[in-house]
Amino acid sequence: MVRRWDEGRFYPSRPLGQAPFPFPCDYGLNRLVGGMSGHPALFLDRDGNLIRDHHHTCREDQIELIPGVRPALVACLAAGYRLFILTNQSGINRGIFTWEQYLACNRRMLELLDLPAPGILEIKAAPERPDEPSLYRKPSPLFILEKIAEHGLDPARCWMTGDRVTDWEAGANAGVRSCAMRSGAASPAELAAAVGRGFAVHDDFPAFVRAELKLTF
Ligand SMILES: [Mg+2]
């Protein structure tokens with residue numbers, strides 16, 4: 001009988017080529033055995049990362065791409081990165097705006113981005129306030145872990161990028177790399193703390209793509 005390296009751990013064995021069940025404790029072992037072959041991916045915060053943050057952005061006329069984001073994302077797609085957006089939208093449960101307004105903003109953003117296929121594969125929003133229980137509100141790693149398993153992603157080639165502490169922590173909690181952006185809401189002290197914790201810090205998403213992913217556009 002062929003035994004797989006992960007057999008007998010916290011989950012049953014599975015067909016070769018399928019991602020391990022995403023317990024964070026497994027990632028260290030993956031690295032020890034040489035890393036898993038899998039797809040690279042980017043997990044993207046929305047406000048302050050891809051579009052300007054207007055603090056509870058909720059009107060279509062507020063949607064403005066951060067300069068350079070579109071060509072940067074096109075370069076990422078051409079390089080094989082799978083793209084996902086995860087966004088905390090507590091304005092919904094605070095009663096500041098509705099799901100319909102939020103979705104209209106997404107449609108406007110996607111219209112402005114006008115990305116080639118496959119574009120953004122999924123957009124996940126957490127509508128809960130910080131004081132409410134939530135499965136997906138960042139810094140929860142759940143969405144990232146689900147996509148790693150579902151798409152057979154290589155955690156070593158995945159990044160979470162965003163402009164808030166909760167973004168960087170979501171990436172760290174999921175066992176992927178995180179990059180902090182200066183293009184949004186983070187304070188100088190928060191950005192300094194991000195550097196201290198070993199996170200990459202860049203002016204904006206295009207600068208991240210050039211510096212960390214080594215892509216030109
Ligand atoms: Mg943000």
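Given the criterion in contact with a Leu (Cβ under 6 Å, 6 or more places away or on another chain) and touching a residue at least 12 places away in the same chain (Cβ under 8 Å), identify the matching residue among LEU112, LEU142. It would help to see each step written out before you state the result.
On the way: LEU142 fails: touching a residue at least 12 places away in the same chain (Cβ under 8 Å).
Matching residue, one of LEU112, LEU142: LEU112.
Would you be able to tell me the number of residues in the stretch 35-47 that are farther than 15 Å from GLY91 by Cα and either part of a loop (DSSP other than H, G, I, E, B) or within 14 Å of the ligand (Cβ to nearest atom) (or both)?
7
With respect to the numbered conditions (1) in a helix (DSSP H, G or I); (2) within 15 Å of the ligand (Cβ to nearest atom), which one is the sole condition not fulfilled by PRO206?
Of the numbered conditions (1) in a helix (DSSP H, G or I); (2) within 15 Å of the ligand (Cβ to nearest atom), the odd one out for PRO206 is (2).
Look through the stretch 48-65, keep the residues that are within 11 Å of the ligand (Cβ to nearest atom) and in contact with a strand residue (DSSP E or B) (Cβ under 7 Å, 6 or more places away or on another chain), and return whichever of them is nearest to CYS105 (Cα to Cα).
Here the answer is THR57.
Filter the stretch 67-91 down to the residues that are within 16 Å of the ligand (Cβ to nearest atom) and more than 17 Å from the chain's Cα centre (by Cα) and list them by number.
SER90, GLY91
Being in contact (Cβ under 8 Å) with a residue 60 or more places away in the chain and acidic (Asp, Glu): is that true of ASP203 here?
Against the criterion (in contact (Cβ under 8 Å) with a residue 60 or more places away in the chain and acidic (Asp, Glu)), ASP203 does not qualify.
One residue is enough: does the stretch 130-149 have a residue meeting the conditions among the β-branched types (Val, Ile, Thr), surrounded by 19 or more Cβ atoms within 10 Å (Cβ to Cβ) and out of contact with any Ser or Thr (no Cβ under 7 Å at 6 or more places or on another chain)?
Yes, some residue in the stretch 130-149 is among the β-branched types (Val, Ile, Thr), surrounded by 19 or more Cβ atoms within 10 Å (Cβ to Cβ) and out of contact with any Ser or Thr (no Cβ under 7 Å at 6 or more places or on another chain).
With LEU215, LEU191 as the choices, which residue is at pLDDT 95 or above, touching a strand residue (DSSP E or B) at 6+ places or on another chain (Cβ under 7 Å), surrounded by fewer than 20 Cβ atoms within 10 Å (Cβ to Cβ) and not aromatic (Phe, Trp, Tyr)? If you could, list the steps in order and put the result at the bottom.
On the way: LEU215 fails: touching a strand residue (DSSP E or B) at 6+ places or on another chain (Cβ under 7 Å).
Step by step, each of LEU215, LEU191 is checked, and only LEU191 is at pLDDT 95 or above, touching a strand residue (DSSP E or B) at 6+ places or on another chain (Cβ under 7 Å), surrounded by fewer than 20 Cβ atoms within 10 Å (Cβ to Cβ) and not aromatic (Phe, Trp, Tyr).
Please state which one of ARG197, ARG164, ARG177 is out of contact with any Ser or Thr (no Cβ under 6 Å at 6 or more places or on another chain) and modelled with pLDDT under 95.
ARG197
The values are calculated or read from the model by the stated rules, or taken from the named source; none is laboratory data. Please read these numbers as outputs of a predicted model, since none were measured by experiment. As a convention, Cβ positions derive from the backbone with ideal geometry for all residues, glycine included, and neighbour counts pool all protein chains shown.
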